[in-house]
Amino acid sequence: MLQHINHFLQEHRLALIGASRNHKHFSRLVMADYQKRGYEILPVNPNLHDLDGQKCWHSVAEIAPIPSAAMIMVPASQFERTVRETADAGVKTIWLVRSKTDKQARASAIDYCRSKNIAVIDAACPMMYLKETALPHAIHGWIWKAVGMWGR
């Protein structure tokens, strides 16, 4: 998985599916931090037209050209459908940010991506792999390294 993470981080045009209007939502922290690092973040939320003045797409399929990589941060009820739509739109690397999905739905979504030759990053925090990340994310990464979860 570390190879997929490194490839993902080399892409600088990323869809963020599940971007929230709530400024305290984790998606907004990720969006702001990645943008500060020079990434072009393309927010996707079917219920929003813009996000603080930035265009927000209703689906990743509306974005032209389709980004090569996307992070998915949606509620469990939308998870499997969103993963399939993202894969079918042509995204090549998908980062599945931890959500409270049931294991069967998550496994089915991952299998679907792999059947389409899409690289999947499952459950790792997209912040802890960034260089010079904030202390809580650095600690998270350190813990994952200590217990052998880094890059798995």
Of everything in the stretch 21-44 that's in contact with a Phe, Trp or Tyr (Cβ under 8 Å, 6 or more places away or on another chain) and within 19 Å of Phe79 (Cβ to Cβ), which residue is surrounded by the most Cβ atoms within 10 Å (Cβ to Cβ)?
Val44
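Can you spot a residue in the stretch 113-132 that is in a helix (DSSP H, G or I), surrounded by fewer than 20 Cβ atoms within 10 Å (Cβ to Cβ), modelled with pLDDT under 80 and among the hydrophobic types (A, V, I, L, M, F, W, C)?
So far as the stretch 113-132 goes, no, none of its residues is in a helix (DSSP H, G or I), surrounded by fewer than 20 Cβ atoms within 10 Å (Cβ to Cβ), modelled with pLDDT under 80 and among the hydrophobic types (A, V, I, L, M, F, W, C).
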Matching residues in the stretch 8-65 (hydrophobic (A, V, I, L, M, F, W, C) and part of a strand (DSSP E or B)) number 9
Just to be sure before I move on: is Glu62 modelled with pLDDT of 85 or more and of a type in the set (D, E, K, R) in the structure I sent?
yes
Return the residues of the stretch 90-112 that are in a helix (DSSP H, G or I), within 15 Å of the chain's Cα centre (by Cα) and among the hydrophobic types (A, V, I, L, M, F, W, C); say none if nothing qualifies.
Ala109, Ile110
Return yes or no: is Ser77 of a type in the set (Gly, Ala, Ser), under 15 Å from Phe8 (Cβ atoms) and surrounded by fewer than 19 Cβ atoms within 10 Å (Cβ to Cβ)?
no
State which residue pairs qualify: first residue closer than 20 Å to Gly38 by Cα and inside the stretch 5-25, second residue small (Gly, Ala, Ser) and surrounded by fewer than 19 Cβ atoms within 10 Å (Cβ to Cβ) in any location, beta carbons under 6 Å apart, and separation of 6 or more residues or different chains.
Glu11/Ser68
Could you figure out which of (1) touching a strand residue (DSSP E or B) at 6+ places or on another chain (Cβ under 6 Å); (2) farther than 28 Å from Ser108 by Cα isn't true of Gly53?
(1)
Starting from the stretch 100-126, take each residue that is of a type in the set (Lys, Arg) and list its partners that are in a loop (DSSP other than H, G, I, E, B) and at pLDDT below 85, counting only C-beta distances under 9 angstrom and pairs at least six apart or across chains.
Lys100/Pro75; Arg106/Ser99; Arg106/Ala123
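The values are calculated or read from the model by the stated rules, or taken from the named source; none is laboratory data. The model shown is predicted, which means the values in this text are computed figures rather than measured ones. Neighbour counts are summed over all protein chains in view; Cβ atoms, including those assigned to glycine, are modelled from backbone coordinates with ideal geometry.
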